[in-house]
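Engineer: Following this message is one structure expressed as structure tokens.
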Amino acid sequence: MSEPFELELTVNGTPRTVRVAPLRRLLDVLREDLALTGTKEGCGEGECGACSVFVDGELVNSCLVAACQVEGCDVRTVEAPDLGNVQAAFLEEGGAQCGICTPGMVLAVQAFVDEWAARGREPDDVELRAALAGNLCRCTGYEKILASARTALRRARP
Amino acid sequence: MSAPRVTVPRSLDEALAALAGAAPETLLLAGGTDLMVEFESGRTAPRDVVSLWRLDELRGVRDEGGGLRMGALTTCADLLGSDLARARADVLVDAAAEVGAVQIQNRATVGGNLGTASPAADLNPVLLALGATVRLRSASGSRDLPVEEFLTGYRATARRPDELIESIAIPARPAGERRRFRKVGTRRAQSISKVVVALAATLADGRFTAVRAAAGSVAPTAVLLPSLAAELVGQPPDEARLDAAARRAARDDAAPIDDVRSTAAYRRLVLQRVLRTELGALAAGA
Ligand SMILES: Cc1cc2nc3c(=O)[nH]c(=O)nc-3n(C[C@H](O)[C@H](O)[C@H](O)COP(=O)(O)OP(=O)(O)OC[C@H]3O[C@@H](n4cnc5c(N)ncnc54)[C@H](O)[C@@H]3O)c2cc1C
Ligand code: FES
Ligand code: FES
């Protein structure tokens, strides 16, 4: 297929169908075809993480994923209804400045919380920084972002 | 540029059939962490693309003869999550942990790292040092190639247009083999390597009995460092000997270039120092 095809996928719990070219970036499918502009484009080459989304539960950069690879997949973006704990932590800790990196940061922190909530120990700083290493903040508000992640993790624990 | 023709096979057989009649410049798309950047920048404008990502037959890590066989689509994250990979190929898992960051590790595949044949592909020196083989598959059969024969030059491989990488095998660890991996980049995460070194060696009665070493980012593609074995096998690991081996390998086995990230002279010096440090650690049993 070089022609556009009918892409069926689930976005934030809702089944969607869009006609797109097979190599269209998932980022563009979300922002332009589905008008979900929460997902941001920073670098467009996999370095900055602003475009991070979950595909079938895995954190990926949507600028590096082709439409033909997400047929039937479950995609979650910053517009997903179940990110409230992490979003509240960012608000409280002042984890956002200009906000461009924030959607990607929120999803990376959610992945970090999912990974660590069930573990018996606290992640150390190296482990926390490694979990967010794929997300760059041009406003350099890293300390508050790290604080947001710690707060979100604390609240997610039983 | 006209839009590329994209095939999304649902099974390995379908993929092989698609490749059987494919144009020579047809591109295989795996996790896309390398290719999507190429497409977007226009550096690569393919006419035909075959997407492999949904072929679960090419996933998974399993035992083979006390070693390991990995499907080509095995991601860095899959390696990090595999106890078998950790037990059989610890240094490969260490290398996977330093590829990009989480988002990249979730998509970057072993087959894609080999497929790029990039000098800066971090897994390839490890595969070389561990004596890995690549299984190439086509509609007409399959063949196994040692990684050093698969990687033929700068972003060039021995793959025929009708073939894909099906899997990669790492042989069983020789008794007592010690291994080291080290990546030098500009920062801890998500940086393109300046130098990568992988070592596998055995010692008996205070002498090296086998040495296999490889490096990345110091030549057009990942390369073996035969001088290390030539200098060290049969010798005790004394300081002067290790110094000489590191110096000779950096001089004779590397062919680094000047580019925006480093100069050739810097890379050669770093290679020598990193080899020396890692040989010392290896000899000390670390
Ligand atoms: C931000 C960022 C950071 C990165 N950091 C690192 C790093 O630290 N270390 C590192 O080594 N790499 C790094 N990379 C590069 C890339 O992630 C790796 O090379 C990865 O292993 C490529 O795998 P892929 O599945 O995404 O390949 P793709 O992009 O899908 O393909 C890459 C090449 O391999 C070929 N190919 C893929 N699968 C097969 C197959 N089964 N058979 C034959 N050919 C095949 C393709 O045709 C293509 O030529 C980085 C990339 C980005 C964007
Ligand atoms: S826009 Fe995708 S990683 Fe920067
Ligand atoms: S808040 Fe501006 S880029 Fe992070």
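Engineer: Can you pull out the residues in the range A:53-64 that are surrounded by fewer than 24 Cβ atoms within 10 Å (Cβ to Cβ), in a strand (DSSP E or B) and not β-branched (V, I, T)?
Structural biologist: Answer for the range A:53-64, where residues must be surrounded by fewer than 24 Cβ atoms within 10 Å (Cβ to Cβ), in a strand (DSSP E or B) and not β-branched (V, I, T): A:F54, A:E58.
So that you can scan it fast, the table gives a plain yes or no per residue for (1) basic (K, R); (2) farther than 22 Å from B:G131 by Cα:
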| site | (1), (2) |
| --- | --- |
| B:V211 | no, no |
| B:R241 | yes, yes |
| B:A246 | no, no |
| B:Y266 | no, yes |
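Engineer: Run down B:D94, B:D90, B:D48, B:D34 and say which single residue is at negative phi, more than 17 Å from the chain's Cα centre (by Cα) and of a type in the set (D, E, K, R).
Structural biologist: Checking each option against the conditions leaves just B:D48.
Engineer: If you take the residues of the range A:43-62 that are more than 7 Å from chain B (Cβ to nearest Cβ) and within 12 Å of ligand 1 (Cβ to nearest atom), which of them is farthest from A:A130 (Cα to Cα)?
Structural biologist: Quick first cut of the range A:43-62, residues more than 7 Å from chain B (Cβ to nearest Cβ) only: A:43, A:48, A:50-51, A:53-57, A:62.
Within this subset, residues satisfying the condition of being within 12 Å of ligand 1 (Cβ to nearest atom) are A:43, A:48, A:51.
On the way: A:C43: 20, A:C48: 14, A:C51: 18 Å.
Here the answer is A:C43.
Engineer: Further, regarding this structure: Out of the range A:111-136, which residues are in contact (Cβ under 8 Å) with a residue 40 or more places away in the chain and not hydrophobic (A, V, I, L, M, F, W, C)?
Structural biologist: Selection gives A:G134, A:N135.
Engineer: Which one of these is open to solvent by less than 60 Å² (accessible area, probe 1.4 Å), within 13 Å of ligand 3 (Cβ to nearest atom) and more than 16 Å from A:K144 (Cβ to Cβ): A:A108, A:A67, A:A96, A:A50?
Structural biologist: Residue meeting the stated conditions: A:A50.
Engineer: To continue, here is another question. Picking from A:L9, A:L30, A:L34, A:L26, which residue would you name as being closer than 21 Å to B:V6 by Cβ, away from chain B (no Cβ under 14 Å) and touching a helix residue (DSSP H, G or I) at 6+ places or on another chain (Cβ under 9 Å)?
Structural biologist: Values: A:L9 fails: away from chain B (no Cβ under 14 Å); A:L34 fails: touching a helix residue (DSSP H, G or I) at 6+ places or on another chain (Cβ under 9 Å); A:L26 fails: away from chain B (no Cβ under 14 Å).
It is A:L30.
Engineer: So, one more: Just checking, which of A:E93, A:E71, A:E143, A:E122 is modelled with pLDDT under 95 and over 13 Å from the mean Cα position of the chain (by Cα)? Steps first, answer last, please.
Structural biologist: Working: A:E93 fails: modelled with pLDDT under 95; A:E71 fails: modelled with pLDDT under 95; A:E143 fails: modelled with pLDDT under 95.
Every option except A:E122 fails the conditions.
Okay, residues lined up against (1) part of a loop (DSSP other than H, G, I, E, B); (2) more than 22 Å from B:S138 (Cα to Cα):
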{"position": "B:A3", "(1), (2)": "yes, yes"}
{"position": "B:V6", "(1), (2)": "no, no"}
{"position": "B:L19", "(1), (2)": "no, no"}
{"position": "B:A23", "(1), (2)": "yes, no"}
{"position": "B:D63", "(1), (2)": "no, yes"}
{"position": "B:L73", "(1), (2)": "yes, no"}
{"position": "B:D78", "(1), (2)": "no, yes"}
{"position": "B:L92", "(1), (2)": "no, yes"}
{"position": "B:I104", "(1), (2)": "no, yes"}
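Engineer: Go over the candidates B:V102, B:V61, B:V49 one by one and state the one that is within 14 Å of another protein chain (Cβ to nearest Cβ) and either among the charged types (D, E, K, R) or open to solvent by 20 Å² or more (accessible area, probe 1.4 Å) (or both). First the steps, then the outcome.
Structural biologist: Details: B:V61 fails: within 14 Å of another protein chain (Cβ to nearest Cβ); B:V49 fails: either among the charged types (D, E, K, R) or open to solvent by 20 Å² or more (accessible area, probe 1.4 Å) (or both).
Result: B:V102 is the single residue among B:V102, B:V61, B:V49 that is within 14 Å of another protein chain (Cβ to nearest Cβ) and either among the charged types (D, E, K, R) or open to solvent by 20 Å² or more (accessible area, probe 1.4 Å) (or both).
Engineer: Would you check which residues across the range A:106-119 are away from every other protein chain (no Cβ under 12 Å) and either touching a Gly at 6+ places or on another chain (Cβ under 8 Å) or at pLDDT below 95 (or both) and list them?
Structural biologist: Hits for the range A:106-119 are A:A117, A:A118, A:R119.
Engineer: State whether one or more residues within the range A:73-85 are closer than 25 Å to B:Q105 by Cα, within 11 Å of another protein chain (Cβ to nearest Cβ) and within 16 Å of ligand 3 (Cβ to nearest atom).
Structural biologist: no
Engineer: I need the full set of residues from the range A:118-158 which are within 16 Å of ligand 2 (Cβ to nearest atom) and not hydrophobic (A, V, I, L, M, F, W, C), in order please.
Structural biologist: Hits for the range A:118-158 are A:G134, A:N135, A:R138.
Engineer: Looking at (1) within 30 Å of B:D48 (Cα to Cα); (2) open to solvent by 10 Å² or more (accessible area, probe 1.4 Å); (3) within 16 Å of ligand 1 (Cβ to nearest atom), find the lone condition where A:D33 falls short.
Structural biologist: The number of the failed condition is (3).
The values are calculated or read from the model by the stated rules, or taken from the named source; none is laboratory data. Bear in mind that the values here come from a model prediction, so they are computed numbers and not experimental data. A quick note on method: Cβ atoms are made from the backbone with ideal geometry, for glycine too, and the neighbour counts reach across all protein chains shown. Only protein heavy atoms, including side chains, enter the accessible area calculation; ligands, DNA and RNA are left aside. Shrake-Rupley method; radii C 1.70, N 1.55, O 1.52, S 1.80 Å.
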